[in-house]
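Enquirer: Here's a structure for you.
The values are calculated or read from the model by the stated rules, or taken from the named source; none is laboratory data. Keep in mind it's a predicted model, so treat the numbers as computed, not measured. Here Cβ is always computed from backbone atoms with ideal geometry, including for glycine, and neighbour counts include all displayed protein chains.
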Amino acid sequence: MREILIADDHPLFRDALKSALARALPDARLLDADCVPALQSLVESHPGADLLLLDLQMPGANGFSALAHMRGQYPGLPIIVVSALDDAATVRRALAHGASGYIPKSASADTIGEAVQHVLDGDVWLPPHLGQAPGTLKPDEATVAAQIAELTPQQFRVLGLLAEGLLNKQIAFELGVSEATIKAHMTAIMRKLHASNRTQVALYASQLALEPLTAAVSAPAE
């Protein structure tokens with residue numbers, strides 16, 4: 001039985017996406033998460049999953065950071081980005097970061113099924129109007145993505161909370177660990193990102209940020 005993972009923080013869209021996938025792949029097992037920590041736990045507990053559908057904008061993610069981290073930690077797991085953004089630049093950046101497909105949230109249920117089937121068959125799927133042009137990254141963005149891919153899951157959680165503006169003691173509270181543990185994680189993160197302080201870490205992570213969201217979130221059309 002195929003296992004499909006869905007990571008999106010909008011419950012209505014998650015349900016609509018599961019409905020579309022259930023129609024396209026009635027025998028598949030669908031598992032979902034609403035934030036990056038929940039996604040990490042889900043992937044760890046289902047290492048043989050066949051596909052991940054990933055929203056770029058949810059708690060714990062900063063633009064393409066979650067995609068870069070997942071590609072680094074689980075290189076054998078195909079990932080389709082599902083996003084309200086559907087401009088060519090964002091789609092091609094996702095492809096360059098290792099996504100196997102990109103589904104706009106405005107896509108119909110039939111389109112979602114088609115995209116998922118293509119990727120499960122080993123192909124790359126993009127919105128038809130974009131063709132199959134390869135994506136490229138600026139050197140700085142590619143470097144940061146590679147460094148973020150090397151972070152442990154807990155270090156990535158710390159990075160996500162740092163990007164939200166939390167202090168060490170607040171991050172410690174959120175993760176249920178000591179402030180000393182967070183300081184140790186911060187030291188490791190700065191070393192891996194070649195940063196000398198928290199400000200530089202946040203600046204480097206911003207290389208993977210998205211443009212401001214302008215498209216409305218909508219459920220797949222039936």
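Enquirer: Here is a list of conditions, (1) among the polar types (S, T, N, Q); (2) in a helix (DSSP H, G or I); (3) more than 23 Å from Gln207 (Cα to Cα), and Thr90 meets all of them except one; can you say which number that is?
Expert: Failing condition for Thr90: (3).
Enquirer: Checking His118 against (1) under 20 Å from the mean Cα position of the chain (by Cα); (2) surrounded by fewer than 17 Cβ atoms within 10 Å (Cβ to Cβ); (3) modelled with pLDDT under 90, which single condition isn't satisfied?
Expert: It fails just one condition, (3).
Enquirer: Sort through Phe13, Phe64 and tell me the only one that's touching a His at 6+ places or on another chain (Cβ under 6 Å), closer than 23 Å to Leu210 by Cβ and not aliphatic (A, V, I, L, M). Give the steps one after another, and end with the answer.
Expert: Values: Phe13 fails: touching a His at 6+ places or on another chain (Cβ under 6 Å).
None of the other options fit; the residue is Phe64.
Enquirer: State whether the residues of region 78-95 include one that is more than 16 Å from the chain's Cα centre (by Cα) and of a type in the set (S, T, N, Q).
Expert: Quick first cut of region 78-95, residues more than 16 Å from the chain's Cα centre (by Cα) only: 87-89.
Narrowing further to those that are of a type in the set (S, T, N, Q): none.
No, region 78-95 has no match at all.
Enquirer: To continue, here is another question. Inspect region 89-108 for any residue being assigned by TED's automatic domain parsing to the domain that holds Leu17, within 20 Å of Arg23 (Cβ to Cβ) and surrounded by fewer than 18 Cβ atoms within 10 Å (Cβ to Cβ) and give the result as yes or no. Explain how you work it out, then say what you get.
Expert: Here is the first cut: in region 89-108, the ones assigned by TED's automatic domain parsing to the domain that holds Leu17 are 89-108.
Cutting the leftovers down to within 20 Å of Arg23 (Cβ to Cβ) gives us 101, 103-108.
Then drop every residue that is not surrounded by fewer than 18 Cβ atoms within 10 Å (Cβ to Cβ), which leaves 106, 108.
Looking through region 89-108, at least one residue is assigned by TED's automatic domain parsing to the domain that holds Leu17, within 20 Å of Arg23 (Cβ to Cβ) and surrounded by fewer than 18 Cβ atoms within 10 Å (Cβ to Cβ).
Enquirer: Follow-up. Taking only pairs six or more apart or across chains, which ones have beta-carbon atoms under 9 Å, a first residue in region 29-56 that is under 16 Å from Gly160 (Cα atoms), and a second residue that is assigned to a helix (DSSP H, G or I) and among the aromatic types (Phe, Trp, Tyr)?
Expert: Sorted first by the residue in region 29-56, then by its partner, the pairs are Val36/Phe156; Gln40/Phe156; Asp55/Phe13.
Enquirer: Just for region 181-203: of the residues that are among the small types (Gly, Ala, Ser) and in a helix (DSSP H, G or I), which one is farthest from Asn62 (Cα to Cα)?
Expert: Residues of region 181-203 among the small types (Gly, Ala, Ser): 184, 188, 195-196, 202.
Subsequent filtering for residues that are in a helix (DSSP H, G or I) retains 184, 188, 202.
On the way: Ala184: 22, Ala188: 19, Ala202: 10 Å.
Looking at residues that are among the small types (Gly, Ala, Ser) and in a helix (DSSP H, G or I), I get Ala184.
Enquirer: Which residues, taken from region 187-212, are under 26 Å from Asp55 (Cα atoms), surrounded by 15 or more Cβ atoms within 10 Å (Cβ to Cβ) and of a type in the set (A, V, I, L, M, F, W, C)?
Expert: Answer for region 187-212, where residues must be under 26 Å from Asp55 (Cα atoms), surrounded by 15 or more Cβ atoms within 10 Å (Cβ to Cβ) and of a type in the set (A, V, I, L, M, F, W, C): Ile189, Leu193, Val201, Ala202, Ala205, Leu208, Leu210.
Enquirer: Which of the residues spanning region 14-55 are more than 26 Å from Ser108 (Cα to Cα) and hydroxyl-bearing (Ser, Thr, Tyr)?
Expert: Looking only at region 14-55, we keep the residues that are more than 26 Å from Ser108 (Cα to Cα), and these are 37-38, 40-48.
Across region 14-55, the qualifying residues are Ser41, Ser45.
Enquirer: Check region 126-149 and report whether any residue there is assigned to a strand (DSSP E or B), not assigned by TED's automatic domain parsing to the domain that holds Gly176 and not acidic (Asp, Glu). Break it down into steps so the answer makes sense when it comes.
Expert: Going through region 126-149, the residues assigned to a strand (DSSP E or B) turn out to be none.
No, there is no match, as no residue in region 126-149 is assigned to a strand (DSSP E or B), not assigned by TED's automatic domain parsing to the domain that holds Gly176 and not acidic (Asp, Glu).
Enquirer: If I filter region 166-180 for residues that are at positive phi, modelled with pLDDT of 90 or more, loosely packed, with under 15 Cβ neighbours inside 10 Å and in a loop (DSSP other than H, G, I, E, B), do I get at least one hit? Steps first, answer last, please.
Expert: Filtering region 166-180 down to residues at positive phi leaves 176.
Those still in the list that are modelled with pLDDT of 90 or more too: 176.
Next, from what is left, pick out any that are loosely packed, with under 15 Cβ neighbours inside 10 Å: 176.
Filter once more, keeping what is in a loop (DSSP other than H, G, I, E, B): 176.
Yes: one or more hits.
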